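Here the structure is laid out as C-alpha cells; the discussion comes afterwards.
The values are calculated or read from the model by the stated rules, or taken from the named source; none is laboratory data. Model, not experiment: these values are computed from the prediction. Here Cβ is always computed from backbone atoms with ideal geometry, including for glycine, and neighbour counts include all displayed protein chains.
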Amino acid sequence: MNSILEARHLGKFFGKGSNKVQVLKDINLTMSEGSLTVLRGRSGSGKTTLLNLFCALDKPSEGDIFFQNKQISQYTEKQSSELRRMYIGIIFQSYGLVPLLTVEENIEFGLRITDVPRKEWKKRVDQSIDLVGLNKRSKHRPSELSGGEQQRVAIARAIAPKPPLILADEPTAELDSNMALRIINVFQELTQNDKMSILMTTHDPAILEIIDNVYALEDGQLADDKKEKHT
Ligand SMILES: Nc1ncnc2c1ncn2[C@@H]1O[C@H](COP(=O)(O)OP(=O)(O)O)[C@@H](O)[C@H]1O
Ligand SMILES: [Mg+2]
C-alpha cells in the first residue's frame, strides 16, 4: 500500500521559555492510500493542531510531514495553499461556509478553485448534496439551516472535488447518531470506490466501534488504539 500521509517525529509547541506549551510530541503515523483513519482524544489533546499541520496551515516545531511521499513541512505559503486547493479537502470545526451563497453555490464555490472542469460541476454538486441528504435544502443559505445541516454542507463541499485526502475535524459532532453513521458510510464508500483517504477526529463511541484504524492522542502522544479497542 502506498502512503498518502506520513508524520515522522512530529512535534509542536506554542510559546517560548516558561510559557512554552508542548502540544504534540514525537508523533509517528503512516496513513495508507484509501484508508479511513480516526484520531480520537479528549478536548484539548491536540487533534485540531495536528490536522492544521497535516494541511500545512501551520508549521511543525519538530519533525517532518510527507504527503504522497513529498515533504510538505517546509512548504512556502504559496506551495501550502496550492496543496490545500488541489489535493486536500478540509472540514473545519467552524464550517467556513459563505453566508450569502446557497448550499449548492457553496459547494460549487469549492469546485471552482480546483481543476475539476466546469462541465462537471453540476453533477458533482448534485451528487454530493445527495450523499449528505440535503436535497430539500439546496437553495437555502447557511443562516436558514441548523448546525447539523451546515455541517453536512461543509462535508459535501469537501467531498465534491474528490480530493486524494480529506481531513475532517469532528465532522459528525452536530449530527444525530443516524446521520453520523450515514456520513461514516459515505466516507467508507469514498475510500473504497474513489480511492480517497480520510482522516477524521471524533470521540463518538459508536463511530470508534466500526472503524479499524483508530489512533488515540493522549498527552500529546499518539497510541495505536486497535488492541485496546478489542479487549
Ligand atoms: N495558537 C495557539 N497558541 C497557544 N496554544 C495553543 C494554540 N493552538 C492550540 N493551543 C493549545 O493546544 C492544545 C490543543 O488544542 P487543540 O489542538 O485545539 O485540541 P483539540 O482539537 O484536541 O481539542 C490546547 O491546550 C490549546 O490551548
Ligand atoms: Mg479541536
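Report yes if residue 70 is surrounded by fewer than 16 Cβ atoms within 10 Å (Cβ to Cβ) and under 20 Å from the mean Cα position of the chain (by Cα), otherwise no.
When the stated conditions are applied, residue 70 passes them.
Search segment 78-111 for residues being among the hydrophobic types (A, V, I, L, M, F, W, C) and under 14 Å from residue 143 (Cα atoms), and hand back the single one that is surrounded by the most Cβ atoms within 10 Å (Cβ to Cβ).
Only one residue fits best here, namely 103.
List the pairs whose first member sits in segment 188-205 and is farther than 24 Å from residue 49 by Cβ and part of a loop (DSSP other than H, G, I, E, B), whose second member is of a type in the set (Gly, Ala, Ser) and modelled with pLDDT of 95 or more, and whose Cβ atoms are under 7 Å apart, counting only residues at least 6 apart or on separate chains?
195/34
Any residue at all in segment 207-216 that's in contact with a Lys or Arg (Cβ under 7 Å, 6 or more places away or on another chain) and β-branched (Val, Ile, Thr)?
yes
How many residues does segment 32-65 hold that are in a loop (DSSP other than H, G, I, E, B), more than 13 Å from ligand 2 (Cβ to nearest atom) and closer than 19 Å to residue 206 by Cα?
Of the residues in that region, 1 qualify.
Scanning for something acidic (Asp, Glu) and in contact with a strand residue (DSSP E or B) (Cβ under 6 Å, 6 or more places away or on another chain), does segment 164-171 turn up at least one residue?
yes
Kindly check whether there is at least one residue in segment 38-48 that is within 16 Å of ligand 1 (Cβ to nearest atom) and in contact with a Gly (Cβ under 6 Å, 6 or more places away or on another chain).
For segment 38-48, residues within 16 Å of ligand 1 (Cβ to nearest atom) and in contact with a Gly (Cβ under 6 Å, 6 or more places away or on another chain): present.
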